[in-house]
1. Please state which of the following conditions Ser160 fails to meet, knowing it meets all the rest: (1) under 30 Å from Ser10 (Cβ atoms); (2) out of contact with any Cys (no Cβ under 9 Å at 6 or more places or on another chain).
2. If I ask for residues that are part of a helix (DSSP H, G or I) and of a type outside the set (Phe, Trp, Tyr), which ones from the stretch 33-54 would you list?
3. Can you confirm whether Asp132 is surrounded by 13 or more Cβ atoms within 10 Å (Cβ to Cβ) and charged (D, E, K, R)?
4. Which pairs turn up if I take residues in the stretch 1-28 that are basic (Lys, Arg) and look for partners that are outside any helix (DSSP H, G or I) with beta carbon separation below 8 Å, at least 6 apart in sequence or on another chain?
5. So, restricting to strands (runs of 3 or more DSSP E) that lie completely within the stretch 71-190, which ones have at least 2 residues that are modelled with pLDDT of 95 or more?
6. Residues in the stretch 31-42: is at least one in contact with a helix residue (DSSP H, G or I) (Cβ under 8 Å, 6 or more places away or on another chain), modelled with pLDDT of 95 or more and either within 18 Å of Gln72 (Cα to Cα) or surrounded by fewer than 17 Cβ atoms within 10 Å (Cβ to Cβ) (or both)?
7. If you scan the stretch 15-30, which residues turn out to be farther than 28 Å from Asn180 by Cα, surrounded by 14 or more Cβ atoms within 10 Å (Cβ to Cβ) and touching an Asp or Glu at 6+ places or on another chain (Cβ under 9 Å)?
8. Since Thr48 meets every condition but one in (1) under 16 Å from Ile154 (Cβ atoms); (2) exposed (fewer than 14 other Cβ atoms within 10 Å of the Cβ); (3) touching a helix residue (DSSP H, G or I) at 6+ places or on another chain (Cβ under 7 Å), which condition does it not meet?
Amino acid sequence: MTCYVLCDHSNGGKVQDGTALAPEVLATIASAVSKQLNGEFAAEWGGTYGVRVGKSDGSDVADDETEVAIFQNEDVSGAAGYHARDPKGRAYIHVALDDGATLTTGSGALSVIISHECLETSADFPANRWADRAGSSEEALEVSDRVEDTSYEIDGVAVSNFLLKSAFDPGADAPWDHLNVLTAEDGATPGGYVIERQQGTETTPSPDGSLTIKVTRHVRVTRSSSNVGMTVHAAARYRARKNHPASRTSRRGGRM
């Protein structure tokens, strides 16, 4: 079983609308994300999952659990990236309250950010899987990025939409995502994006006059729209989080 532990290191910090994160709200988020992971997500991608609320300092997170560390900002007390490792070498997910528009409502909610990261970590924990796309490129197996601006509710709590296996199977029929909003298999919603990798070869002469063939890989991040519905400051924070060396996007070689 994969277990996520939600720990509020901000001690009641606030999201963008000024609402403070209370323990009972964090418990409702944990419950909704657990139902999503063990319900529709597990039906498609498999696995069993636990999601619970932990101590604010993360001291009760076991070695075989993954902490979802909630801070006020992107860079606090050494929590430098949203998917990093703690002093014991354990992987953890970093979430910033500054990135949440609300606590539990709408596609920009803190609950959606937590759901998004738990979904993607569950589908590809080390962030190293790629899938063929139509044509000659490969796509990072990130199950929420292409539809990250769409969400739905579980018990009144907004959670992230996610891609189905068919979205990574060239030629597969729709639906390609849980909410069936994508109109093309390799498409993205207006606020979504995709990390692509193109492989090629370069031929250079070696000292003895023979030819040396070098395989090259070029990674690019393509967003559907430059307008992601954020304020200037929120968009800057979003880019900083995605571009941090410890983020899943950066670990795949991409930059936004």
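1. (2)
2. Of everything in the stretch 33-54, those that are part of a helix (DSSP H, G or I) and of a type outside the set (Phe, Trp, Tyr) turn out to be Val33, Ser34, Lys35, Gln36, Leu37, Asn38, Gly39, Glu40, Ala42, Ala43, Glu44.
3. Taking the combined requirement at face value, the residue does not satisfy it.
4. Lys14/Ala20; Lys14/Leu21; Lys14/Gln72
5. Output list reads 151-154, 157-160.
6. Checked the stretch 31-42: no residue is in contact with a helix residue (DSSP H, G or I) (Cβ under 8 Å, 6 or more places away or on another chain), modelled with pLDDT of 95 or more and either within 18 Å of Gln72 (Cα to Cα) or surrounded by fewer than 17 Cβ atoms within 10 Å (Cβ to Cβ) (or both).
7. Selection gives Val15, Gln16, Leu21, Leu26.
8. With respect to (1) under 16 Å from Ile154 (Cβ atoms); (2) exposed (fewer than 14 other Cβ atoms within 10 Å of the Cβ); (3) touching a helix residue (DSSP H, G or I) at 6+ places or on another chain (Cβ under 7 Å), Thr48 is out only on (1).
The values are calculated or read from the model by the stated rules, or taken from the named source; none is laboratory data. These figures come from a predicted structure and were not determined experimentally. Backbone-built Cβ (ideal geometry, glycine too); neighbour counts: all protein chains shown.
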